[in-house]
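Asker: Once you've had a glance at the structure underneath, I'll fire off some questions.
The values are calculated or read from the model by the stated rules, or taken from the named source; none is laboratory data. Given the structure is predicted, the values throughout are model-derived calculations rather than measurements. Cβ placement follows ideal geometry from the backbone for every residue including glycine, while neighbour counts extend to all protein chains displayed. Side chains are part of the model used for accessible areas, which takes the heavy atoms of the whole protein and leaves out ligands, DNA and RNA. Shrake-Rupley method; radii C 1.70, N 1.55, O 1.52, S 1.80 Å.
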Amino acid sequence: MNIDLSSKTVLVTGGGRGIGAAAVRAFVEAGATVGLHYRADHAAASALANELGDKVVLLQADLAQAEACERLWREAVERLGHVDVLVNNAGVAVGSPNEPDSQTWLSDWERTMAVNLTAPGLLCRAAVAHFKPRGGGRIINISSRAAFRGDQPDYLAYAASKGGLVALTRSLARGYGKDGIAAFIVAPGFTRTEMAQDFIDQYGEDYAVNDIALSRLTEPKDIAPTLVFLASGLADHATGATIDINAGSYVH
Ligand code: NAP
């Protein structure tokens, strides 16, 4: 089965590196025009955009700010003409020891929620308003294994934000299916990116491999093809579903 997205436009948040960069690459390979959003790493984002050519439009925004989320959506629509698929991929994992400094804990919690949950919520809201008069669209929200399995005590906010993203996505799927809108959750497990590097440095790669059923760690390229498939429309009757991509570390 050949997936051809040449008539589609896709906005990928956090598209300059890690899972997002692999997604941008895969969408362009499938023919899509892609809005590649980044926050700070202009060098990585523009290098990828230059490599992939005129199918990629660069968009910058700090998604910790609500107004920046709204501006990002407006700019994506202006620059791409319209958006068919929104991929909420940008995210932060802030380690926050549960110690008495409640001010630090609270600001870590708020930053995590702003980027991982409020920003996707705002972008989904804007996407729904854009999709409805167009007869539909697709949303793919990148959650985490942590939403289902839980996370370490230092990452309570991360797990809670990703659990919230699951509930948000399921609500969108149930609420807007008759408007032609499909919404999916992709829940990666441990994936070799900068986000995972601290853990690898601290505990070693063997520790991470021992936790999974497969014999090598998941790479961003192991996640991207599923995103292309979900974006294609071939999976719309799975709307609301979660696709686990965690190398068998957590099966439910
Ligand atoms: P990563 O390599 O750390 O990349 C994070 C991305 O998010 C970057 O593109 C970054 O943009 C963007 N970002 C961070 N803070 C932002 C902000 N305030 N505003 C806008 N963009 C921001 O992470 P990754 O591993 O590829 O993770 C991608 C998604 O997968 C995340 O949602 C993550 O929670 C999820 N996930 C990852 C793993 C894993 O093991 N790696 C497991 C489960 C789920 P800049 O580079 O421009 O700052």
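Asker: Being crowded, with 16+ Cβ neighbours inside 10 Å, more than 9 Å from the ligand (Cβ to nearest atom) and assigned to a helix (DSSP H, G or I) is the filter here; which residues of the stretch 24-57 pass it?
Answerer: Scanning the stretch 24-57 gives 24, 25, 26, 27, 28, 48, 49, 52.
Asker: Any residue at all in the stretch 142-157 that's of a type in the set (Gly, Ala, Ser), surrounded by fewer than 20 Cβ atoms within 10 Å (Cβ to Cβ) and assigned to a helix (DSSP H, G or I)? Walk me through it before giving the result.
Answerer: Pass one, the stretch 142-157, residues of a type in the set (Gly, Ala, Ser): 143-144, 146-147, 150, 157.
This time we only want the ones that are surrounded by fewer than 20 Cβ atoms within 10 Å (Cβ to Cβ), so: 150.
If we keep only those that are assigned to a helix (DSSP H, G or I) too, we end up with none.
Within the stretch 142-157 (the criterion being of a type in the set (Gly, Ala, Ser), surrounded by fewer than 20 Cβ atoms within 10 Å (Cβ to Cβ) and assigned to a helix (DSSP H, G or I)), the answer is no, since none of the residues qualifies.
Asker: Same structure, new question: I need every pair where a residue in the stretch 128-157 that is touching a residue at least 24 places away in the same chain (Cβ under 8 Å) and under 22 Å from residue 111 (Cα atoms) has its Cβ under 9 Å from the Cβ of a residue that is within 14 Å of the ligand (Cβ to nearest atom) and among the acidic types (Asp, Glu), sequence separation at least 6 or different chains.
Answerer: Partner pairs satisfying both residue conditions: 144/151; 145/151; 145/244; 148/244; 157/108; 157/110.
Asker: Within the stretch 70-85, does at least one residue satisfy the condition of being more than 15 Å from residue 123 (Cβ to Cβ) and within 8 Å of the ligand (Cβ to nearest atom)?
Answerer: no
Asker: Out of the residues in the stretch 182-219 that are small (Gly, Ala, Ser) and surrounded by 11 or more Cβ atoms within 10 Å (Cβ to Cβ), which is nearest to the chain's Cα centre (by Cα)? Break it down stepwise before answering.
Answerer: Initial filter on the stretch 182-219 (small (Gly, Ala, Ser)): 182-183, 187, 189, 196, 204, 208, 213, 215.
Filter again for surrounded by 11 or more Cβ atoms within 10 Å (Cβ to Cβ), leaving 182-183, 187, 189, 196, 204, 208.
Values: 182: 15, 183: 12, 187: 9, 189: 13, 196: 15, 204: 26, 208: 22 Å.
Per the criteria, the residue is 187.
Asker: Inside the stretch 113-141, can you point out the residues that are more than 14 Å from the ligand (Cβ to nearest atom), open to solvent by 40 Å² or more (accessible area, probe 1.4 Å) and part of a helix (DSSP H, G or I)?
Answerer: Correct list: 125, 129, 132, 133, 134.
Asker: Of a type outside the set (Gly, Ala, Ser), crowded, with 18+ Cβ neighbours inside 10 Å and under 24 Å from residue 31 (Cα atoms): does that describe residue 85?
Answerer: Values: of a type outside the set (Gly, Ala, Ser): yes; crowded, with 18+ Cβ neighbours inside 10 Å: yes; under 24 Å from residue 31 (Cα atoms): yes.
So residue 85 fits the description; yes.
Asker: OK, next. Name the pairs: first residue in the stretch 197-215 and under 22 Å from residue 244 (Cα atoms), second residue open to solvent by 100 Å² or more (accessible area, probe 1.4 Å) and part of a helix (DSSP H, G or I), Cβ to Cβ under 9 Å, at least 6 apart or on different chains?
Answerer: Taking only residues 6 or more apart or on different chains, the pairs are 199/207; 200/207.
Asker: So, in the stretch 166-181, exactly how many residues are closer than 29 Å to residue 247 by Cβ and either open to solvent by 40 Å² or more (accessible area, probe 1.4 Å) or at pLDDT below 95 (or both)? Let's see the steps before the verdict.
Answerer: Of the residues in the stretch 166-181, the ones closer than 29 Å to residue 247 by Cβ are 166-173.
This time we only want the ones that are either open to solvent by 40 Å² or more (accessible area, probe 1.4 Å) or at pLDDT below 95 (or both), so: 167-168, 170-171.
Summing the residues that are closer than 29 Å to residue 247 by Cβ and either open to solvent by 40 Å² or more (accessible area, probe 1.4 Å) or at pLDDT below 95 (or both) in the stretch 166-181 gives 4.
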